[in-house]
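Notes for the one structure printed next.
The values are calculated or read from the model by the stated rules, or taken from the named source; none is laboratory data. Note that this is a predicted model, so its numbers are computed, not measured. All Cβ positions, glycine included, derive from the backbone under ideal geometry; neighbour counts span all protein chains shown. What goes into the accessible areas is simple: the full protein's heavy atoms, side chains included, and nothing from ligands, DNA or RNA. Shrake-Rupley method; radii C 1.70, N 1.55, O 1.52, S 1.80 Å.
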Amino acid sequence: MTVAVCGDDAAARRGDRTLVRDVGGLPATLGTLDRVRQPEEEAGFVIGLAFAGVDPDSAVPAVPTATTRPGAGA
């Protein structure tokens, strides 16, 4: 599970990322608090697609992660 992390305080974002990893998630730092609405709006869009019977993967491309990028983890 990827979890969006936004915040104005770098130390707080580091703590958030640690907590996300500790529970088995993959943190995605998206920037400062002025960007926090973007993941919420995207979630609403994806949920709307799913309820309409459309595969959300058809509209939202997969984002490479540390485990899927070529050469990652080397």
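Things worth noting here:
- Of all residues making up the range 18-41, the number that are at pLDDT 85 or above, open to solvent by 60 Å² or more (accessible area, probe 1.4 Å) and in a helix (DSSP H, G or I): 9
- Cβ-Cβ under 9 Å pairs, at least 6 apart or on other chains, the range 1-15 side closer than 17 Å to G25 by Cβ and without any contact (Cβ under 8 Å) to a residue 24 or more places away in the chain, far side assigned to a strand (DSSP E or B) and among the aliphatic types (A, V, I, L, M): R13/V5
- Residue within the range 47-64 that is touching a Gly at 6+ places or on another chain (Cβ under 9 Å), open to solvent by 60 Å² or more (accessible area, probe 1.4 Å) and free of Cβ contacts under 8 Å to residues at least 24 places away in the same chain present: yes
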